[in-house]
1. Give me a count of the residues in segment A:150-169 that are more than 14 Å from chain B (Cβ to nearest Cβ) and in contact (Cβ under 8 Å) with a residue 12 or more places away in the chain.
2. What is the residue count in segment B:98-121 for residues that are over 15 Å from B:Ala83 (Cβ atoms) and facing another protein chain (nearest Cβ under 10 Å)?
3. What's the total number of residues in segment A:113-149 that are in contact with a helix residue (DSSP H, G or I) (Cβ under 9 Å, 6 or more places away or on another chain) and away from chain B (no Cβ under 11 Å)?
4. Please go through segment A:18-51 and pick out each residue that is assigned to a loop (DSSP other than H, G, I, E, B), open to solvent by 70 Å² or more (accessible area, probe 1.4 Å), modelled with pLDDT under 90 and farther than 21 Å from B:Tyr130 by Cβ.
5. It is to be established whether one or more residues within segment A:137-154 are in a strand (DSSP E or B), open to solvent by 50 Å² or more (accessible area, probe 1.4 Å) and either of a type in the set (A, V, I, L, M) or touching a Phe, Trp or Tyr at 6+ places or on another chain (Cβ under 8 Å) (or both).
6. Might you let me know whether segment A:94-102 holds any residue that is open to solvent by 70 Å² or more (accessible area, probe 1.4 Å), within 21 Å of A:Ile142 (Cα to Cα) and away from chain B (no Cβ under 14 Å)?
Amino acid sequence: MNRILRRRIGSVLLAAVFLLSGCAAVTLEADLSLTPEMLQQRELQTRRFDTTDERRILKTCAALLQDTGFSIDESDAQLGLLTASKERDATDAAQWAVFIAGAFVGISIPPDKDQIMKALVTTRPLGSGGQQVSVRVTFERIVFDTEHRLKKIEALNEPQIYQSFFEKLSKALFLEAHDI
Amino acid sequence: MISDRLHKTSFLLLIPLLLLAGCVSTHDRLLDMDTSQVQLRSIQSRAFDTTDKEKTMRAVIATLQDLGFMIDRADYTLGVVAASKARAEAMQMPGSLRITVTVRPRGEKQLLVRANAEYQRQPVTEPKPYQNFFNSLEKAMFLDAHQVD
């Protein structure tokens, strides 16, 4: 009886370990096939502009990113590609409060300290004659705590971020942004 | 006293062992040529009936962006796109996926697209993840991907 029980507990523990290890934030099974959520993201991050001048859009995006403090990391005009990044403070008052409260009871939860924000812009002529250009921007951030340990890597999915980016782009281009 | 000496000798023995292990693994991993490279190449490659390299590379980039990757490098002349996707959260194991895609002509009428993926710093050798990637790419290309040998 005892042996069976022990074996059962063992298998439950093993299952828990497997579940945990399968719980990685990125998996081979899930991250190389398109999901409806990914297509939703695309909609959120893409706008169309009535122009044939793809280069001009790319240049304006570069200028806009620079205006908002980004440095350009990689660009290829022929492929309609631009990547940029910036390092910023990620201090959050609430996390510091938790950290200080934790210190009193001997628990250390290091708060966020720095973050690297990344942007990826791609442009693509649409239609056979290319009368429109679609622009897609993706933002993500990498957060480190006060011990310089990696804490979080996440995609930024707030619609406001993208709305505000495209509003600024639209103003700089003197063109209206259409949803896809 | 004896155990102290034993400690020292075992430590001394350990050093050449470590050195040796270092040599072997670096040598093996630098030019990985083990499990039938031909088979792996076929898993990682697809041919498309087009000669438009720019369009193909743009489709590769668009597909990777759709999948949530960030592009690390792209070079039209060399036909190379390198991208990575990493996510980390407090209660989860951080995961990272890196992929390098090359596009080059295959004969007169086709382009060959080859993808090399790395998951958690290990090369990906099973076919399924590549199948998923090429399925996604097919949709962006509006063309069928052909298996090659």
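1. 6
2. 1
3. 4
4. None - no residue of segment A:18-51 is assigned to a loop (DSSP other than H, G, I, E, B), open to solvent by 70 Å² or more (accessible area, probe 1.4 Å), modelled with pLDDT under 90 and farther than 21 Å from B:Tyr130 by Cβ, so the list stays empty.
5. Yes, segment A:137-154 contains at least one residue that is in a strand (DSSP E or B), open to solvent by 50 Å² or more (accessible area, probe 1.4 Å) and either of a type in the set (A, V, I, L, M) or touching a Phe, Trp or Tyr at 6+ places or on another chain (Cβ under 8 Å) (or both).
6. yes
The values are calculated or read from the model by the stated rules, or taken from the named source; none is laboratory data. Remember, predicted model here, so these are calculated numbers, not experimental data. FYI the Cβ positions are ideal-geometry reconstructions off the backbone, even for glycines, and counts take in every protein chain you see. Quick note on the areas: whole protein, heavy atoms, side chains included, nothing else; ligands and nucleic acids left out. Shrake-Rupley method; radii C 1.70, N 1.55, O 1.52, S 1.80 Å.
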